[in-house]
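A.B. asks: Sending over a structure as structure tokens; questions will come in a sec.
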Amino acid sequence: MEFMFPPPAPISLPIVGSDQRFPVHRVYCIGRNYSEHVREMGDAPERSTPIFFMKPADALWLGSEVPFPGATHDLHHEVEMVAVLAHGGREIPVAMALEHVFGYGVGLDLTRRDLQALAKQSGSPWDSAKGFDASAPVSAICPASACGHPSNAPITLEVNDKVRQDSRIDLMIWPLPEIIHELSKLWTLQAGDVIFTGTPSGVGPLQRGDRFRATLGDIARLEGRMV
Ligand code: MN
């Protein structure tokens, strides 16, 4: 018997300064990773156990026109540093974690905040609030071999030329090496994994037609429009 299937659609990200593309395996995200953001969401910052969730790999969105999702009246932006892995592993020590990183970009963890609030109230999963189609617009990836490993880069988001989020990545509660260490205790990390490292304060609504510009220092820039 022969089955007819559509060809697989591999997800890959452009690499700054290269014709090659970075092949994506999974997309991991951490929540509540900047104290001021935890406070603006009405919680107390703590460093007990990191909160992880996933988005589907094909939630990554590379076009500059981002489709506004249905089923929400409160779509929020969360600008985040994005790290991608060249090597995987389990129980990766903090001191060796950055050796696993291929490079860095900047992305938006788009969130249906209304659905997330309902999920929090009822103790339900976050998938429909976080893992919808095109919920993860992301920039091209700058290889660490060219850009280094940023430790205190500024991270910003402007919407319609007004600054909404403006912080620095050294304010993370769980810095990237610790995120990688903690993730690798829960999953076997693989080359191709993409990590959204949490958002600073200033999250807020996006409307159709809004233009956004996200930056991670000189390392990455993402510009687009909600359509
Ligand atoms: Mn987030």
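The values are calculated or read from the model by the stated rules, or taken from the named source; none is laboratory data. All of these numbers come straight from a predicted model, not from anything done at the bench. Glycine gets a Cβ as well: all are built from the backbone with ideal geometry, and neighbour counts include every protein chain shown. Note: areas computed on protein heavy atoms with side chains; ligands, DNA, RNA excluded. Shrake-Rupley method; radii C 1.70, N 1.55, O 1.52, S 1.80 Å.
A.B. asks: Where the accessible area of segment 1-85 is counted over protein heavy atoms with a 1.4 Å probe, how much of it, in %, is carbon and sulfur?
C.D. replies: C and S atoms contribute 56 percent here.
A.B. asks: Oh, and also: What figure, in Å² to the nearest 10, do you get for the accessible area of Ser139 with a 1.4 Å probe and non-protein molecules left out?
C.D. replies: That residue has around 10 Å² of solvent-accessible surface.
A.B. asks: Among Pro125, Pro200, Pro177, whose mean-square fluctuation peaks in a Gaussian network model of the chain (Cα, cutoff 10 Å)?
C.D. replies: Pro125
A.B. asks: Continuing with the same structure: Using the beta-carbon distance between His149 and Asp19 and R0 = 25 Å, what value does 1/(1 + (r/R0)^6) give for FRET efficiency, to the nearest 0.05?
C.D. replies: The computed FRET efficiency comes out at 0.55.
A.B. asks: Which residue fluctuates the most in the chain, going by a Gaussian network model with Cα springs under 10 Å, if the choices are Val101, Val163, Val82?
C.D. replies: The residue that fluctuates most here is Val163.
A.B. asks: A further question follows. Tabulate in residue order the Karplus-calculated ³J(HN,Hα) for segment 124-131, using 6.51 cos²θ - 1.76 cosθ + 1.60 with θ = phi - 60°, rounded to whole Hz; enter x for Gly and Pro.
C.D. replies: Karplus-based 3J(HN,Hα) across segment 124-131 equals 9, x, 9, 4, 6, 7, 10, x Hz.
A.B. asks: Roughly speaking, what is the centre-to-centre gap between segment 183-200 and segment 117-178 when only Cα atoms are used, to the nearest Å?
C.D. replies: 13 Å
A.B. asks: Can you give the accessible area of Val94 in Å² (nearest 10), computed on protein heavy atoms with a 1.4 Å probe?
C.D. replies: Accessible area of Val94: about 60 Å².
A.B. asks: Run lengths n ≥ 4 of DSSP H only: what is the helix-derived mean residue ellipticity at 222 nm for the chain, with -39500 (n - 2.57) per run over all residues, to the nearest 500?
C.D. replies: -4000 deg cm²/dmol
A.B. asks: Of Phe68, Ser18, Thr49, which is farthest towards the positive pole of segment 11-72's charge dipole, taken about the Cα centre with +1 and -1 on the beta-carbons of Lys, Arg and Asp, Glu respectively?
C.D. replies: Selected residue: Thr49.
A.B. asks: Right, something else. Lone cysteines in the chain, defined as no other cysteine's Cβ under 4.7 Å from theirs: which are they?
C.D. replies: Result for the chain is Cys29, no neighbouring Cys Cβ within the cutoff.
A.B. asks: So with the 1.4 Å probe, I'd like the accessible area per residue for segment 91-163, rounded to whole Å².
C.D. replies: 43 Å²
A.B. asks: Given contacts defined as C-alpha pairs under 8 Å and at least six residues apart, what's the relative contact order of the chain, whole-number percent?
C.D. replies: Reported as a whole number, the value is 31 percent.
A.B. asks: Here's a follow-up. What does the charge dipole of the chain about its Cα centre add up to, to the nearest 20 debye, if the Cβ of each Lys and Arg holds +1 and the Cβ of each Asp and Glu holds -1?
C.D. replies: With Lys and Arg at +1 and Asp and Glu at -1, about 180 debye.
A.B. asks: In segment 1-106, which chymotrypsin sites (Phe, Trp or Tyr not before Pro) fall in coil by DSSP and have 16 or fewer other Cβ atoms within 10 Å?
C.D. replies: Phe3
A.B. asks: Tell me, what % of the accessible area of segment 122-227 is carbon and sulfur with a 1.4 angstrom probe?
C.D. replies: C and S fraction of accessible area: 46 percent.
A.B. asks: For segment 93-214, with only Lys/Arg (+1) and Asp/Glu (-1) charged at the beta-carbon, what is the dipole magnitude about the Cα centre, in debye rounded to 20?
C.D. replies: 360 debye
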